[in-house]
1. Being among the polar types (S, T, N, Q) and part of a strand (DSSP E or B): is that true of Gln1 here?
2. Restricting segment 10-66 to residues that are more than 17 Å from Ser84 (Cα to Cα) and touching a helix residue (DSSP H, G or I) at 6+ places or on another chain (Cβ under 7 Å), which is least open to solvent (accessible area, probe 1.4 Å)?
3. Given segment 65-113, what strands (runs of 3 or more DSSP E) lie entirely inside it while holding 1 or more residues that are of a type in the set (Phe, Trp, Tyr)?
4. What are the pairs with Cβ atoms under 8 angstrom where one residue, in segment 47-62, is at pLDDT 95 or above and the other, located anywhere, is of a type in the set (Asp, Glu) and exposed (fewer than 15 other Cβ atoms within 10 Å of the Cβ)? Sequence gap at least six, or different chains.
5. Out of Val92, Val48, Val5, Val78, report the one residue that is touching a Leu at 6+ places or on another chain (Cβ under 7 Å) and within 16 Å of Thr107 (Cβ to Cβ).
Amino acid sequence: QVQLVESGGGLVQPGGSLRLSCAASVSILSISTMGWYRQAPGKERELVARLTPQDNTWYPDSVKGRFTISIDNAKNTVYLQMNSLKPEDTAVYYCHKIRSTYWGQGTQVTVSS
């Protein structure tokens with residue numbers, strides 16, 4: 001059983017930055033495609049960053065240039081660096097091992113002045 005535990009969420013002002021972390025309980029990240037998703041109230045969960053084992057990344061236009069996904073295999077941790085945050089980035093953020101049933105519990109990000 002793989003456990004994913006997110007951390008790093010919080011309240012930040014517009015234009016600010018946060019770095020989310022997702023720690024995996026076992027060494028799976030180097031062989032997994034990992035994704036960060038978010039879900040705002042009343043909206044569907046959406047993919048905001050994806051990283052393949054070949055280091056290929058993908059971002060939707062809404063976050064491209066502001067969000068960066070990265071991985072530290074030695075720490076079994078995947079990160080989401082979020083810069084220039086906007087109120088519309090407010091959501092619960094989840095990490096997910098793509099094509100699996102493994103999800104983290106989520107961490108709340110609130111962007112507000």
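The values are calculated or read from the model by the stated rules, or taken from the named source; none is laboratory data. All of these numbers come straight from a predicted model, not from anything done at the bench. Note that each Cβ is placed from the backbone with ideal geometry, even for glycine, and that neighbours are counted across all protein chains shown. The area values use the complete protein model at the heavy-atom level, side chains included, leaving out ligands, DNA and RNA. Shrake-Rupley method; radii C 1.70, N 1.55, O 1.52, S 1.80 Å.
1. So Gln1 fails the test.
2. This residue is Leu29.
3. Filter on segment 65-113 gives 67-72, 77-82, 91-97.
4. Pro60/Glu46; Ser62/Glu88
5. So the residue among Val92, Val48, Val5, Val78 that is touching a Leu at 6+ places or on another chain (Cβ under 7 Å) and within 16 Å of Thr107 (Cβ to Cβ) is Val78.
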